[in-house]
1. For the stretch 115-136, which positions are under 15 Å from residue 86 (Cβ atoms) and not in a loop (DSSP other than H, G, I, E, B)?
2. Quick one: residue 99 ticks every box in (1) free of Cβ contacts under 8 Å to residues at least 12 places away in the same chain; (2) closer than 20 Å to residue 28 by Cβ; (3) not in a helix (DSSP H, G or I) except a single one, so which number is it?
3. Search the stretch 42-63 for residues being more than 14 Å from residue 5 (Cα to Cα) and modelled with pLDDT of 95 or more, and hand back the single one that is surrounded by the fewest Cβ atoms within 10 Å (Cβ to Cβ).
4. Could you tell me which of the residues 28, 24 is surrounded by 16 or more Cβ atoms within 10 Å (Cβ to Cβ), at pLDDT below 95 and under 30 Å from residue 124 (Cβ atoms)?
5. Considering every residue within the stretch 58-76, establish whether at least one is within 17 Å of residue 139 (Cβ to Cβ) and in contact with a helix residue (DSSP H, G or I) (Cβ under 9 Å, 6 or more places away or on another chain).
6. How do the pairs read when you match residues in the stretch 66-79 that are in contact (Cβ under 8 Å) with a residue 24 or more places away in the chain with residues anywhere that are surrounded by fewer than 17 Cβ atoms within 10 Å (Cβ to Cβ) and in a helix (DSSP H, G or I), using Cβ under 6 Å and keeping only pairs 6 or more apart or on different chains?
7. Being under 14 Å from the mean Cα position of the chain (by Cα), in a loop (DSSP other than H, G, I, E, B) and either touching a residue at least 60 places away in the same chain (Cβ under 8 Å) or farther than 21 Å from residue 125 by Cα (or both) is the filter here, so list the residues in the stretch 80-96 that pass it.
8. If you check residue 96 against the conditions, is it over 26 Å from residue 37 (Cβ atoms) and either surrounded by fewer than 14 Cβ atoms within 10 Å (Cβ to Cβ) or at pLDDT 95 or above (or both)?
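The values are calculated or read from the model by the stated rules, or taken from the named source; none is laboratory data. Quantities reported herein were computed from a predicted structural model and do not represent experimental measurements. Heads up, the Cβs are rebuilt from the backbone with ideal geometry, glycines too, and the neighbour counts pull from every protein chain shown.
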């Protein structure tokens, strides 16, 4: 099995490309939920993902409703946001979990955060920081999830 990284309405192609590369190297399934702020086939996405994009296990969804109708999301998901105090390293990740990240400009929609309040996680930052780059945030949280489940991590 593997983790699922979910990008809700990504806006910057270089971030999405870098996250695609991250997912290939970590053996993670990437879900992208429209609307997207760029053409998914745009050169910038491929350049940021280098020659990895064709190896990516990618699912593109037409909307949040479409995604939730086709995926069983319950206690198997975490939602990265600056609107909680629960640090990501306190989340008990399990193989197969979904890790959600919102758009660079708006984050995860409030109604989703409200519905899954106990599963919201954040990356601790100083008072001078507002947020981290989306690709960096995805890497920080994803690799802690892998650390927690490393015995089941498929290498090779």
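1. We begin by selecting, within the stretch 115-136, every residue under 15 Å from residue 86 (Cβ atoms); these are 116-125.
Hits for the stretch 115-136 are 117, 118, 119, 120, 121, 122.
2. (1)
3. Just the residues of the stretch 42-63 that are more than 14 Å from residue 5 (Cα to Cα), to begin with: 42-55, 62-63.
Restricting the remaining residues to those that are modelled with pLDDT of 95 or more gives 62-63.
Values: 62: 10, 63: 12.
By that ranking, first place goes to 62.
4. Numbers: 28 fails: at pLDDT below 95.
Selected residue: 24, the only one of 28, 24 that is surrounded by 16 or more Cβ atoms within 10 Å (Cβ to Cβ), at pLDDT below 95 and under 30 Å from residue 124 (Cβ atoms).
5. Of all residues in the stretch 58-76, those within 17 Å of residue 139 (Cβ to Cβ) come to none.
Within the stretch 58-76 (the criterion being within 17 Å of residue 139 (Cβ to Cβ) and in contact with a helix residue (DSSP H, G or I) (Cβ under 9 Å, 6 or more places away or on another chain)), the answer is no, since none of the residues qualifies.
6. Note: no pairs meet the criteria.
7. 93, 96 - these are the residues of the stretch 80-96 that are under 14 Å from the mean Cα position of the chain (by Cα), in a loop (DSSP other than H, G, I, E, B) and either touching a residue at least 60 places away in the same chain (Cβ under 8 Å) or farther than 21 Å from residue 125 by Cα (or both).
8. Working: over 26 Å from residue 37 (Cβ atoms): yes; either surrounded by fewer than 14 Cβ atoms within 10 Å (Cβ to Cβ) or at pLDDT 95 or above (or both): yes.
Criteria met by residue 96.
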